[in-house]
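Take a look at the structure set out below.
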Amino acid sequence: MTAAIQVNAVEKSFGNVQIIRDLNLSVAKGERHAIIGPNGAGKSTTFNLISGHIKPTSGEIRLNGEVTSGLRPFEINRRGLSRSFQVTNVFARMTVWENVRCAVLWATGHRYAFWKNVDTLPEVKQRTAEILDEIHLSHRRDVPAGLLTYAEQRELEIGITIAGGASVIMLDEPTAGMSHAETERAVALIRRLTEGRTLVIVEHDMSVVFGLADRISVLVYGHIIASGTPEEIRGNPKVKEAYLGEEVE
Amino acid sequence: MAELIVISTLNGVLFGMLLFLLSSGLTVIFSMMGVLNFAHASFYMLGAFFGYQLTRWIGFWPALVLAPLLVGAVGMAVERYGLRNTHKHGHVAELLLTFGLAFAIEEIVSMIWGKSPVDYRVPAALDFPAFTVFSTNYPAYKIFMLVVSVVIFIALLVTLKRTRVGLIVQAALTHPSMVGHLGHNVGRVFMLVFGVGSALAGLAGVIAGPSLVTQSDMAAFLGPILFVVIVFGGLGSLPGAFIASLLIGLIQTFAVALNGSLASVFGPLDPSLGASPLTDIWNVTIAQIAPILPYLLLVLVLIFRPMGLLGTRES
Amino acid sequence: MHKLIVAAAAALTVLGGAASAQESIKIGYIDPLSGGGASVGEGGLKTFQYLADELNAKGGILGHKVEIVPLDNKTNPQESLVQAQKAVDAGVRYITQGNGSSVGAALEDFVTKNNSRNPGKEVLYFNYAAVDPSMTNEKCSYWHFRWDANSDIKMEALTNYMKGQPTIKKVYLINMDYSFGQSVRAAARKMLGEKRPDIQVVGDELHPMLKVTDFSPYIAKIKASGADTVVTGNWGQDFALLLKAAADAGLKVNWYTYYAGGAGGPTAIKQTGLENQVFQISEGVPNSGNKAAMDFEKDFRAKTGISVWYPRAVNEMRMFKAAAEKANSIDPVKVAAALEGMKFEVFDGGEGFIRKDDHQFFQPIYISSFGSLADKAKEPFDEENTGWGWHIVSKIDTEQTMLPTTCNMKRP
Amino acid sequence: MTNAPTPSIAAAKQEPGSALSFYGVWLLAAVALVVLPMVFSSGGSLTSFSLIGIAIIFALSYNILLGQTGLLSFGHAVQYGLGGFLAVHVMNAVASHNWPIPLPAIPLVGGIGGAAFAIVVGWVMTKRAGTVFAMISLGIGELVASSSLILRSVFGGESGITTDRTSLMPLFGWTFGPQIQVYYLIAFWVMVSAIAMYALTRTPLGRICNAVRDNPERVEFIGYDPHVVRYFAYMFAGFFAGVAGGLTAINFEIANSAYLGATQSGLVLFSAFIGGTAYFFGPILGAILVTYLQLGLTSVTSVWQLYFGIIFIGIVMFAPGGIAGILMKHRPLIRAGTLRTVIPSYLVAAIPTLAFALGIILTIETVARFSGGDPIKLLGIPFVATAPTTWASAAVLFVGGFLVARITWRRVAEAWDRAATVARDRGYLA
């Protein structure tokens, strides 16, 4: 069976600085995979590489067996990968409803249509309403996204990400900056929404990581030093070294 | 031929330096504030008219110092009471504010000084031919303009690279938002930068006024070409603006010197074809299109290298 | 916000307020009063207002007062049509315009269409300065009258003068790249070729209109060509900058120009010190020696602060009065009929007439040069406070300016 | 490009009964277009209405770029002008070949001209948004305007190309000679274009345009290529600009290089921005106001350009949402029923503000007419520019008006805050 995401020997440099070195990563279909690592390890860069936001200097990335390195983000998205952003990245002047609806349009096949009334497309309407329901924002549907609270914006961010029905979902620190209660709610939401899909998540909150992930990869200085189940990672000496520094020696 | 090349090069350099004198202030303002100041050419015009008026009252040399200071003060007022309030609405709003300002300044100038050209002359001390090449005179005043341009270029470069304010400007170029977080009085720095930028435009006006025509439409006349210079050189890059000014000066001058057209290269078209766009294109000479070459250059640069020659960011 | 309302309200009253005194004759003056061409347009407006006052002081035309309605067209043909329509809607039956042949052509087309579509509401177009020859040739209209000599006529006059100047050997043509500049250049080449085949045209330059900041490269080319004479139709800042660059580079040639006398021109000549090297072709000269004209000039200067740029405007207004009196009507159709073929003693003396075939006015034309005035009693008028003024160099009689026309006039 | 969180085009559709008012507004507009020339039948008003109609289409087409997609263009007149030129050429061809094409179809030709140019140059132009796009549009604008003077056989030099609209085949006995017939032709196209452009905002493409305006980066991650979206927007804007150009050509029966120039591009930017780009109807208000000022202001004052500049600066500084923004700000208050608490403060503020405005006008006119000119007529009172009483009145109005107005506007702000708080409590304001 082909992996949902397969990263082979990817390198990325900005000028003379190498951010990602010999990155290898494999995420199986239907797996919940977390990427952890210290600050500056290159987690967001890895996300950006996989989602096409930046292009690798060398190496190859495959999505469901198809090479996607070198493709533009929207091309990768159309092949079934959708991501969220660490910094909230919504359409600020549009309402919550429209934010989600825009994310539904391509997947429902309406593309650049300029001959259809967007308000009367039944499947778009239904799907948007469903997503809003799922992210608990139905009561805020007509509020401009820029006026939402931070937690609501994070939820909207997730809603936009899953709205297109992508088979692979990548969430970049979805609970960052949330209170404990909000985090719990968000984790439940993520669990429910990604049922039956592949999930890749970057997270700092270890309780979220170990509670959610089937497998975990540890990224240090742009290189994956370990990959495995949560138990394997807990017991891995290299991980301890990376996180706890010299103390292990 | 050698004569034409030497003279065209000299003319091109002289014209290029005038362009630089004008665009340096625009570049400084853009590099610090990210504002494309549409009213820049209007400040240049204000400089010319202040220069003219002060020259009549107190003579050219004091005017050369005072007029730019006055224009700088006007610029600071514009920043303090206009741009600062508009900043929160984004760069487009700021740009549009300066757009409206350009309209207002032109009309105010023509209200005060009339719409006809004023008699603003080269000071007697500089009114002599500096040297003669191939029997063509080069007036001392033009050499004076050249020297001022170069001095300003070097002074600005040194200020930007070596002083504290300069470092803030440089930082603002790459990390616009960081500067504020570092706790500088961004407001005052902005006001100062805008003032300096305007004063530079004013200085250009005082100097260029006697050599060009000092008239209330002089701003509209030179405005667009300044954008070409700073975009071509790379937005916010001072050396870029310097090189772009020189290049545009030289290109325009040499284009004028050339008489070539497609007709002169490939021979005239068969007259039986009649008038068509082809005959128009066939017969147009390079000299005829010289003044629109910069715009062509602008479009090409933006398409193939959107950050310009030496620019570091796209917008 | 409130300001907007005030301004809009003010505008409303203007747009709606077409009611006015029945008896006055309104002449719509459509020329630039704002923007780049405003300095020229304002001079024209002062001239026409002065002339209207002059007529009104003598009882107006057939007892009707003459009123000039200033309409700002920003030198834009489209805007001119808006203003013309506005004027016609407000009851104006005579319009006059001069700046820009593009505007002139648009207005000529406008009156032709308006008069065929609105019989009984005909409008006449009096042209005092748009000189594109096509307006009285292939595009000619019965409703258009031109008091200025068109550019071909001026070139005919100029070349008739140059024919007798043996010192002219090499001529350089430099003109603005638009219809007027192109017709100057084409006429110069053709006429010089016919009248003085020995003269060499060593350069023929067209530069974009009002876009050149530095003419040094052009001057370098003129110098390299070895020309002794430059012929140019340049005006405004393209003329001033051209002269400045020439003076800076020390170019010593004679300049034959159409519009050196325009606003800013004399200042530029004085600044560059090109004394008696700049010649102008015009239908009148302040220091003409004609007493009536010089008295007029003196009073005009005292009242308006500018010199008489448009002797042809004087001819236009005076002939309008004469034609209306001849027709005993101020109806445009009758005035037009009366103007056809009309003969008239022109401003600076001598007879001119409106040719019936194309409605072009023919008149004596003068070549004058600009320089210091030796005899203040005989030549009292300087220009733009420069201390320099125009001297007549040569007078070309009306017959010497006649050119055939291709006009196929459609009469109503 | 601004991130000010203003709600985008009416989300009113979901409310009960709004469908009726929605169609009602369009119907009302149509009726107004039909009735207007009957109420104001003078030739002058007809001319003005025709120009306003064209300006509305042009400004709406510009807003597809600026308001809808976030593209600031300094060269929108290029498509407008090229549409006009194509229309004129086609009219001449139709007339000389006696083709059975009636005049009302000509604006479509203009639209095709505008769109065709957009299709050709649009792909490279819309690669990037922001300053790069703005500068390219400026450059293209200058290039095309200058080239039009070189390609004489197509553009007819600076005199342009003329045509005769009555030489096409008449339709239902209409020759389109009289201005009233041309007005109805324009009114018809205003209605059709406005409906079409409004409909465009309600399509998937229209919505994605808004998304691209708000956040082009994110759009790439929901499956869309922002470049393609901008390209489409540019084409549609070009099409409707071309329609406006075609109508202008019909109205004036001439097309010349001034159509393509910077003045025209600047005016449409003015109209759209003053009207307000965040709402569909904003540019309509702007077009009406700017055209009206342009026609009226030039006859009352020689320094109209200064007023233009001041109005524009005022809008940018104090009401960046334009007129539409100001109006729509009041909607939640109306719904919450708290507007009446604000109105008294408005009325109080109106008087000193008016005085201040009159002070500005008097000052400007005094300076402008100091060296000669007619007396200034303000509210029916004549002022002589050289009289010290005039200077004193100007100074009193200016300074006094400003000082008092400042106080009263603070009151307005306070009243506003109170009203808005109530509205928020009642759930009409987010």
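With the Cα gyration tensor of the stretch C:294-407 giving a ≥ b ≥ c as the square roots of its eigenvalues, does the rule (a/c under 1.5 for rounded; else a/b larger than b/c for prolate; else oblate) give rounded, prolate or oblate? In terms of gyration-tensor shape, oblate.
Legend: distances between Cα atoms for C:LYS211/C:LYS303; C:LYS211/C:LYS270; C:LYS321/C:LYS410; C:LYS26/C:LYS356; pairs beyond 29 Å are C:LYS211/C:LYS303.
Calculated FRET efficiency, C:ASP198 to B:PHE266, Cβ-Cβ distance, R0 = 41 Å: about 0.85 to the nearest 0.05.
The alpha-carbon of C:LYS169 sits under 20 angstrom from the alpha-carbons of these aspartates and glutamates, leaving out residues fewer than 8 places away in its chain: C:GLU156, C:GLU194, C:ASP198, C:ASP204, C:GLU205, C:ASP228.
For chain A, the tally of Lys pairs with Cα-Cα distances below 22 Å comes to 7, considering only residues 8 or more apart or on different chains. The modelled label-to-label distance between A:GLN126 and A:TYR221, using points 7 Å beyond Cα along the C-beta direction, is 5.5 nm. Please say if the stretch C:66-218 is rounded, prolate or oblate, where rounded means a/c under 1.5 for a ≥ b ≥ c the square roots of the C-alpha gyration tensor eigenvalues, and otherwise the choice is prolate for a/b larger than b/c and oblate otherwise? Prolate shape, in that a/c is at least 1.5 and a/b is the bigger ratio. Using Cβ point charges alone (K and R +1, D and E -1), the dipole size of chain C about the Cα centre works out to roughly 300 debye.
The value of relative contact order for the stretch D:332-425, using C-alpha pairs under 8 Å at least six residues apart, is 45 percent. Most simply put, chain C has about 35% antiparallel DSSP beta bridges, counting only bridges with both residues inside it.
Charge dipole of the protein assembly as shown (Cα centre as origin; +1 on each Lys and Arg Cβ, -1 on each Asp and Glu Cβ, all else neutral): 1500 debye, rounded to the nearest 20. Shown here for the stretch A:1-88: trypsin sites (Lys or Arg not before Pro) in loop regions (DSSP other than H, G, I, E, B) with at most 13 other Cβ atoms within 10 Å, of which there are none.
Remark: spin-label model distance C:ALA374-D:THR175 equals 6.5 nm, labels positioned 7 Å along the Cα→Cβ axis.
Rg over Rh for the stretch D:159-235 works out to 1.26, using Cα positions for both radii and the Kirkwood form for Rh.
Once both labels are positioned 7 Å from their Cα atoms along Cα-to-Cβ, the gap between D:ILE407 and D:LEU27 label points is 5.0 nm.
Across the stretch A:56-117, Cα-Cα distances exceeding 17 Å account for 56% of all pairs. The charge dipole of chain A, taken about its Cα centre with unit charges on the Cβ atoms of Lys, Arg (+1), Asp and Glu (-1) only, comes to about 860 debye. Kindly provide log₁₀ I(q)/I(0) values, in the same order as q = 0.12, 0.14, 0.29 Å⁻¹, from the Debye equation applied to equal alpha-carbon scatterers of the stretch C:323-388. After summing over all Cα pairs, the log10 values are -0.53, -0.63, -1.22. Using a Debye calculation, one point per C-alpha and no hydration shell, please list log10 I(q)/I(0) for the stretch B:17-156 at q = 0.10, 0.11 Å⁻¹ in order. Listed by q, the Debye log ratios stand at -0.42, -0.50. Note on A:ARG72/D:HIS97: beta-carbon distance plugged into 1/(1 + (r/R0)^6) with R0 of 35 Å gives a FRET efficiency of 0.15. A viscosity of 1.306 mPa s and a temperature of 10 °C, combined with the Kirkwood radius over C-alpha pairs in the Stokes-Einstein formula, give chain C a diffusion coefficient of 72 µm²/s. Restricting the stretch C:235-288 to trypsin sites (Lys or Arg not before Pro) that sit in a DSSP loop and have at most 15 other Cβ atoms within 10 Å of their own Cβ leaves C:LYS252.
In chain C, helical runs assigned H by DSSP with n ≥ 4 each contribute -39500 (n - 2.57); averaged across all residues and rounded to the nearest 500, the mean residue ellipticity at 222 nm is -13000 deg cm²/dmol. Comparing C:GLY59, C:GLY181, C:GLY389 in a Gaussian network model of chain C (Cα springs below 10 Å), the most mobile by mean-square fluctuation is C:GLY59. Beta-bridge orientation, the protein assembly as shown: approximately 50 percent antiparallel, per DSSP, counting only bridges with both partners inside. With semi-axes defined as the square roots of five times the eigenvalues of the C-alpha gyration tensor, the equivalent ellipsoid of chain A measures 32, 21, 16 Å, largest first. The GNM of chain D, with springs linking C-alpha atoms under 10 angstrom apart, assigns the highest mean-square fluctuation among D:HIS227, D:HIS76, D:HIS97 to D:HIS97. Which of rounded, prolate, oblate describes chain D, given a ≥ b ≥ c as roots of the alpha-carbon gyration tensor eigenvalues and a/c under 1.5 marking rounded, otherwise prolate only if a/b is larger than b/c? Oblate shape, in that a/c is at least 1.5 and b/c is the bigger or equal ratio. If R0 equals 51 Å, the separation of the Cβ atoms of D:VAL367 and D:VAL39 corresponds to a calculated FRET efficiency of about 0.85. With the helix formula -39500 (n - 2.57) applied to DSSP H stretches of n ≥ 4, chain B reaches a computed 222 nm mean residue ellipticity of -23500 deg cm²/dmol. Along the stretch A:56-71 the Karplus relation, 6.51 cos²θ - 1.76 cosθ + 1.60 evaluated at θ = phi - 60°, assigns HN-Hα couplings of x, 5, 8, x, 9, 10, 10, 10, 6, x, 9, 5, 10, 5, x, 7 Hz to successive residues, with x for each Gly and Pro. Evaluated over the Cα positions of the stretch D:295-418, the convex hull gives a direction-averaged projected area, one quarter of its surface, of 8.7 nm². Placing unit charges on the Cβ atoms of the charged side chains and taking the dipole of the protein assembly as shown about its Cα centre, the candidate lying farthest along the positive direction among C:TYR310, A:HIS53, D:TRP416 is D:TRP416.
Every helix of 4 or more DSSP H residues in chain A counts as -39500 (n - 2.57), and over all residues that averages to -10000 deg cm²/dmol at 222 nm. Over 23 Å between Cα atoms: which of C:LYS65/C:LYS121; C:LYS163/C:LYS395; C:LYS139/C:LYS395; C:LYS154/C:LYS195; B:LYS115/C:LYS65 fall into that group? Pairs exceeding the cut-off: C:LYS139/C:LYS395; B:LYS115/C:LYS65.
Under the combined filter of DSSP loop state and at most 11 neighbouring Cβ atoms within 10 Å, the stretch C:137-246 retains these GluC sites (Glu not before Pro): C:GLU138. For the protein assembly as shown, take the alpha-carbon Rg, divide it by the Kirkwood Rh, and send me Rg/Rh. Rg/Rh: 1.00.
Laboratory data are not the source of any read-out in this text; all were calculated from the coordinates shown. Here the structure is a predicted model, which means the values were calculated and not measured. Here the Cβ is made from the backbone with ideal geometry for all residues, glycine too, and neighbour counts use every protein chain on show.
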